[in-house]
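Note sheet for the following structure.
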Amino acid sequence: MATTEVKMYSDYKSPFAYLAFEPGLELEERYDVRVRWIPFQLRVKDKGQRSLYSEYKTRYSYLDARRWAKSRGLVIRSQLKVYDTRIALIGGLFAQKHDRLLPFNLKVYELFWKRELVPDDPDQVAAVVSATGLSADEYRAYLAGEGAADYERAQEEAAADHIFGVPIFVFENEPFWGHDRLPVLEERLAEAGLKL
């Protein structure tokens with residue numbers, strides 16, 4: 001098993017984190033690295049709280065994300081509000097502990113961006129947990145117990161890594177922000193002699 005780590009910070013409410021998630025994990029297929037997913041709660045202002053220029057940027061960002069998603073058959077719809085994704089992110093940590101991160105996160109991203117999942121509803125998140133073959137009751141216990149501490153540790157690690165947005169990949173303390181930086185990260189991995 002690879003010992004060199006690439007950290008991948010993400011949040012479900014970022015369409016670009018959705019675009020980066022699966023290709024980010026696939027780095028393990030081409031490089032001698034272990035990709036570790038770390039949840040990071042984006043602090044985003046809701047509509048009406050942003051400046052006019054931020055509104056323009058937000059609209060453009062969704063347009064750009066849809067362009068990238070189209071060729072991959074992914075659906076990205078603008079969200080009607082900014083959600084606190086902590087409950088779903090703890091679901092991701094639970095799935096990760098049980099080696100089901102990929103199917104769980106892909107389903108959460110898919111449903112969220114189709115507006116079919118409310119990520120701050122524990123029952124809806126528990127249904128996704130169950131659909132990926134895990135125990136909804138064990139997830140609820142984790143959410144009420146050690147999940148909150150695991151989530152806080154992830155936020156502390158993000159602060160130590162100076163994470164400000166998602167997706168951000170970190171390799172040897174060097175950040176790569178955005179799904180479109182994956183080719184640059186791959187160049188660095190190759191330069192480090194990690195290509196398989």
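The values are calculated or read from the model by the stated rules, or taken from the named source; none is laboratory data. Everything quoted here is computed from the prediction, not taken from an experiment. Here Cβ is always computed from backbone atoms with ideal geometry, including for glycine, and neighbour counts include all displayed protein chains.
Which pairs do you get when a residue that is touching a residue at least 40 places away in the same chain (Cβ under 8 Å), found in the stretch 103-126, comes within reach of a residue that is surrounded by 15 or more Cβ atoms within 10 Å (Cβ to Cβ) and among the hydroxyl-bearing types (Ser, Thr, Tyr), reach meaning Cβ atoms under 7 angstrom, with the pair 6+ apart or on two chains? Final answer for the pair search is Val108/Tyr12; Tyr109/Tyr12; Tyr109/Tyr18; Phe112/Tyr12; Trp113/Tyr18; Pro119/Tyr12; Pro119/Tyr83; Pro119/Thr85. Can you tell me which residues in the stretch 76-113 are outside any helix (DSSP H, G or I) and either surrounded by 15 or more Cβ atoms within 10 Å (Cβ to Cβ) or touching a Ser or Thr at 6+ places or on another chain (Cβ under 7 Å) (or both)? Residues satisfying the conditions are Ile76, Ser78, Gln79, Val82, Tyr83, Thr85, His98, Arg100. Only a single item in (1) at pLDDT 95 or above; (2) farther than 14 Å from Ala88 by Cβ; (3) not acidic (Asp, Glu) is not met by Ala131, and it is number (2). Being more than 24 Å from Pro15 (Cα to Cα), part of a loop (DSSP other than H, G, I, E, B) and of a type outside the set (Val, Ile, Thr) is the requirement here; does Gly165 meet it? No: the conditions fail for Gly165. Among the residues of the stretch 24-35, those identified as in contact (Cβ under 8 Å) with a residue 24 or more places away in the chain and either surrounded by fewer than 15 Cβ atoms within 10 Å (Cβ to Cβ) or closer than 15 Å to Glu156 by Cα (or both) are Glu29, Arg30, Arg34.
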